[in-house]
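Novice: This is the structure I want to talk about, given as structure tokens.
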Amino acid sequence: MKTHESGVDQFDAEALKELRPENQLGKTALVLAAVCVSAWFSNVVNGSPLLEALPGMLILYVMVIIGLVIGRVCPFYLPSVAWVSLISIIATLPFFPGNGWIIARLAEVDFLAVVTPVLAYAGLALTGREFSMFKQTGWKLVIVALLVFTGTFIGSAVVAHVML
Amino acid sequence: MDLKLLLDWRLHLMVIVTSMFAEWIGIVRIPLGPGTLLLLPLLYAFIIGVLFNPHLFSVMGKVIPKPVSNAAGPIILIAILPFIAKFGSTIGPAIEQIIAAGPALILQELGNLGTMLIALPFAVLVLKMGREAIGATYSIAREPNIAIISDRYGLRSPEGIGIMGVYVVGTMFGTLYFALMAGYIASLDILDIRALAMACGVGSGSMVAACSAALAEAVPGSRDELLAFAGASNLLTYATGLYISLFIALPVTEWMYKRLKGSRQEVRHENP
């Protein structure tokens with residue numbers, strides 16, 4: 001017998017599978033265009049004016065689409081983020097044709113401005129279930145976060161110390 | 001999901017206005033003791049988004065109806081991708097530096113696994129956390145790590161709540177905490193100061209800056225060398241950290257979580 005909660009989880013899992021960006025390329029291309037417009041405007045304040053940032057935004061759009069298409073046709077699974085970052089690294093390598101132009105256009109797009117709208121979507125997307133979940137575990141997450149920072153820092157320092 | 005909801009103009013306009021306002025406020029630096037509290041626009045954007053969320057304040061349903069808010073969930077997955085593309089473009093041009101940086105820099109990335117050795121057992125066994133613990137402890141919860149969790153589980157899953165919680169804590173206190181911790185550990189004089197500089201690189205930009213600045217304060221003579229090591233390490237965190245967290249850290253965390261949960265359940269069966 002199914003509880004209400006697991007029914008919701010199941011729906012989420014199915015919705016997530018359906019909405020994996022690479023599985024619905026047409027829909028994704030439209031939504032991606034909308035979020036790029038948000039990032040494009042967000043970039044105006046601390047990045048560059050709309051017209052100057054346009055080529056850079058278009059390059060980012062194309063890189064994402066290429067990454068998603070590869071993720072779609074590739075026989076083994078790699079998350080779309082991995083494909084997209086790989087495409088972007090390759091396109092900006094020193095020996096890649098036109099890399100200087102690509103880097104110059106992307107310089108018009110501010111690093112932090114692109115991520116600001118993502119967090120705005122995230123804030124708007126939270127549901128009642130998540131608010132109550134966060135209320136329950138919020139203080140625990142603060143303790144865990146400080147342990148995570150300490151563990152990562154000391155772990156990395158010890159490995160580097162041994163290697164030096 | 002209905003395309004009409006995904007492309008609802010109210011949602012995207014709201015995000016544009018929110019983002020531009022957040023960007024206009026800009027980066028705020030609050031000096032606090034030996035470090036600086038650094039507030040970035042993305043933090044304000046998240047808070048404003050939460051304040052306009054119709055699930056929190058039902059009166060906001062007039063601006064953003066609930067179905068539109070639900071449509072924003074899957075949009076996050078797509079919205080993070082242009083950022084990932086921008087991020088990769090900082091690595092390509094620096095590839096020679098990365099290769100020259102040597103094996104110490106590459107292998108210290110594995111030290112990130114120290115994250116879950118302390119934090120995960122504590123979260124599961126002491127705090128009795130559920131699957132939030134996986135998202136919270138598999139990495140240091142910076143943007144690329146969020147992207148992985150978002151891609152694998154979705155940001156609205158328990159794992160997503162976990163990583164967003166650590167992300168928010170990191171954004172608010174991470175810079176300060178890193179500065180304090182690095183300065184303190186350097187003063188203990190146990191580990192090579194260059195190793196500490198590399199360890200600074202695991203964080204986000206502001207964490208790295210605060211952390212290496214604190215080290216440079218502790219050992220003023222080798223300031224430039226320390227900043228270079230921290231910078232190269234940070235570049236590597238972004239270059240290889242994504243793959244280490246995806247292929248090593250996340251599977252190991254899942255495995256350890258099952259082990260930890262399993263042992264707890266056995267105990268419960270023995271004492272019904």
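Throughout, read-outs are computed from the coordinates displayed, never taken from laboratory work. Being a predicted model, the structure only gives us computed values, none of them experimental. Cβ sites come from the backbone with ideal geometry, for glycine too, and all protein chains shown count toward neighbours.
Novice: If each residue's Cβ is checked for other Cβ atoms within 10 Å, how do B:143, B:23, B:225 rank with the fewest at the top?
Specialist: The order, fewest Cβ neighbours first, is B:225, B:143, B:23.
Novice: When a/c reaches 1.5 or more, the comparison of a/b and b/c decides; with that in mind, is segment B:73-154 rounded, prolate or oblate per its Cα gyration tensor?
Specialist: oblate
Novice: Now for a separate question. Cα-based Rg (one decimal) and Dmax (whole number) for segment A:22-125, in Å?
Specialist: In order Rg, Dmax, the Cα atoms of segment A:22-125 give 14.2, 42 Å.
Novice: Please report the spacing between the Cα centers of segment B:139-201 and segment A:138-164 in Å, no decimals.
Specialist: 7
Novice: Could I ask something else about it? Could you list A:163, B:14 in order of exposure, starting from the residue whose Cβ has the fewest other Cβ atoms within 10 Å?
Specialist: So the ranking, lowest neighbour count to highest, is A:163, B:14.
Novice: Dipole magnitude of the protein assembly as shown about its Cα centre, charges +1 at Lys/Arg Cβ and -1 at Asp/Glu Cβ only, in debye to the nearest 20?
Specialist: Here the protein assembly as shown has a charge dipole of around 960 debye.
Novice: Assign one of three labels to segment B:1-157, namely rounded, prolate or oblate, based on the Cα gyration tensor with a ≥ b ≥ c the square roots of its eigenvalues; rounded applies when a/c is under 1.5, prolate when it is not and a/b is larger than b/c, and oblate otherwise.
Specialist: Details: a/c = 1.70, a/b = 1.47, b/c = 1.16.
Prolate, because a/c is 1.5 or more and a/b exceeds b/c.
Novice: Also: Show log10 I(q)/I(0) for segment B:1-90 at q = 0.10, 0.11, 0.22 Å⁻¹, two decimals, from a solvent-free Debye sum over equal Cα scatterers.
Specialist: -0.34, -0.41, -1.14
Novice: Now for a different question. Summarise the partner chain shielding of B:102-115 as one whole number: the mean count of Cβ atoms from other chains within 10 Å of each residue's Cβ.
Specialist: Taking the mean over all residues of the peptide, I get 6.
Novice: Follow-up question, since we're still on this one. With the radius of gyration and the Kirkwood radius both derived from the Cα set of chain B, what is their ratio Rg to Rh?
Specialist: Taking Rh as the inverse mean 1/r over Cα pairs, Rg/Rh reads 1.00.
Novice: Can you order the peptides A:117-123, A:104-110 by their average number of other Cβ atoms within 10 Å per residue, highest first?
Specialist: Ranking the peptides A:117-123, A:104-110 by packing returns A:117-123, A:104-110.
Novice: If we count other beta carbons within 10 Å of each Cβ, what is the order of B:253, B:137, B:18, fewest first?
Specialist: B:253, B:18, B:137
Novice: Then there's this: Just list whichever of A:135/B:261; B:4/B:86; B:66/B:128; B:66/B:261; A:27/B:86; A:140/B:258 have alpha carbons separated by over 26 Å in the model shown. Could you put the intermediate results ahead of the total?
Specialist: Numbers: A:135/B:261 23 Å; B:4/B:86 28 Å; B:66/B:128 32 Å; B:66/B:261 36 Å; A:27/B:86 22 Å; A:140/B:258 20 Å.
Beyond 26 Å between Cα atoms: B:4/B:86; B:66/B:128; B:66/B:261.
Novice: I've got another one for you. Quote the charge dipole size of chain B about the Cα centre in Debye, to the nearest 20; the model charges only the Cβ of Lys and Arg (+1) and of Asp and Glu (-1).
Specialist: It comes to approximately 900 debye.
Novice: Also: Taking only the alpha-carbon positions of the protein assembly as shown and ignoring solvent, what does the Debye formula give for the base-10 log of I(q)/I(0) at q = 0.13 Å⁻¹?
Specialist: Taking Cα atoms of the protein assembly as shown as identical point scatterers yields -1.19.
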